[in-house]
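Chemist: Below is the structure I would like to discuss, written out as structure tokens.
The values are calculated or read from the model by the stated rules, or taken from the named source; none is laboratory data. On a predicted model such as this, the values are computed, not experimentally measured, just so you know. Cβ atoms come from the backbone with ideal geometry, glycine included; neighbour counts cover every protein chain shown.
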Amino acid sequence: MTRIHHLAVGTPEVLRLAEFYRDVFGLGEVARHHDESGSLRSIWLDLGGSLLMIERSAASRERVEGVGGGLFLLALRVGVEERNHLEQVLAARGHAVESRSAYSSYTRDPDGNRVAFSHHPREPEGAVG
């Protein structure tokens, strides 16, 4: 079976973005990598069986609104009871919840990437849609 090994997000400010995902969503730090000059190159965070790699990049991309080409959303699985708590944590940090659906809340990380936290029920394995 094929599964996601990692997702990588580029940013000019690795530490700031990694701290957002660590502090708001509780993603544990797995590793830090430095370049040959000793500068921070990446921080890897645990996504529960896969990794979120926050990688240093020279530039950021344009902000995606709604559904965009390519990857346009990072959706994290949370429990029903966690959703309201996360909305409160984000509000306290100055990050607005842009929209809500029956199962998901949508916000932006410090770089403007769209992030959801969702308790949407998954289809059972082997289900055909």
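Chemist: Can you name the residue in region 34-48 that is part of a loop (DSSP other than H, G, I, E, B) and under 17 Å from the mean Cα position of the chain (by Cα) and is also surrounded by the fewest Cβ atoms within 10 Å (Cβ to Cβ) among such residues?
Modeler: Looking at residues that are part of a loop (DSSP other than H, G, I, E, B) and under 17 Å from the mean Cα position of the chain (by Cα), I get Gly48.
Chemist: Here's another thing I want to ask about it. Pairs only if they're at least six apart or on different chains, beta carbon under 9 angstrom, first in region 76-96 and among the basic types (Lys, Arg), second assigned to a loop (DSSP other than H, G, I, E, B); list them, first residue then second.
Modeler: Partner pairs satisfying both residue conditions: Arg77/Gly48; Arg77/His119; Arg77/His120; Arg77/Arg122; Arg83/Tyr103; Arg83/His119.
Chemist: In addition: Where the second residue is part of a helix (DSSP H, G or I) and the first is touching a residue at least 60 places away in the same chain (Cβ under 8 Å) and lies in region 1-20, which pairs have Cβ atoms under 6 Å and are six or more apart or on separate chains?
Modeler: Listed by first residue and then by second, the contacts come to Thr11/Leu17.
Chemist: Could I ask something else about it? Take region 77-98 and flag every residue that is in a helix (DSSP H, G or I) and not aliphatic (A, V, I, L, M).
Modeler: Selection gives Glu81, Glu82, Arg83, Asn84, His85, Glu87, Gln88.
Chemist: Okay, moving on. Consider region 1-26. How many of its residues are under 17 Å from Ser57 (Cα atoms), charged (D, E, K, R) and at pLDDT 95 or above?
Modeler: 2
Chemist: Mind checking which residues of region 104-113 are part of a strand (DSSP E or B) and either polar (S, T, N, Q) or within 19 Å of Arg22 (Cβ to Cβ) (or both)?
Modeler: Once the filter is applied, which keeps residues that are part of a strand (DSSP E or B) and either polar (S, T, N, Q) or within 19 Å of Arg22 (Cβ to Cβ) (or both), region 104-113 yields Ser104, Ser105, Thr107, Arg108.
Chemist: Related question: Restrict the check to region 25-33 and report whether at least one residue is aromatic (Phe, Trp, Tyr) and either within 18 Å of Arg114 (Cα to Cα) or assigned to a loop (DSSP other than H, G, I, E, B) (or both).
Modeler: Within region 25-33, one or more residues are aromatic (Phe, Trp, Tyr) and either within 18 Å of Arg114 (Cα to Cα) or assigned to a loop (DSSP other than H, G, I, E, B) (or both).
Chemist: Could you identify the single residue in Leu74, Leu51, Leu17 that is under 16 Å from Phe117 (Cβ atoms) and within 16 Å of the chain's Cα centre (by Cα)?
Modeler: It is Leu74.
Chemist: Being acidic (Asp, Glu) and either at pLDDT 95 or above or under 19 Å from Phe117 (Cα atoms) (or both) is the requirement here; does Glu62 meet it?
Modeler: No; evaluated as a whole, the condition is false for this residue.
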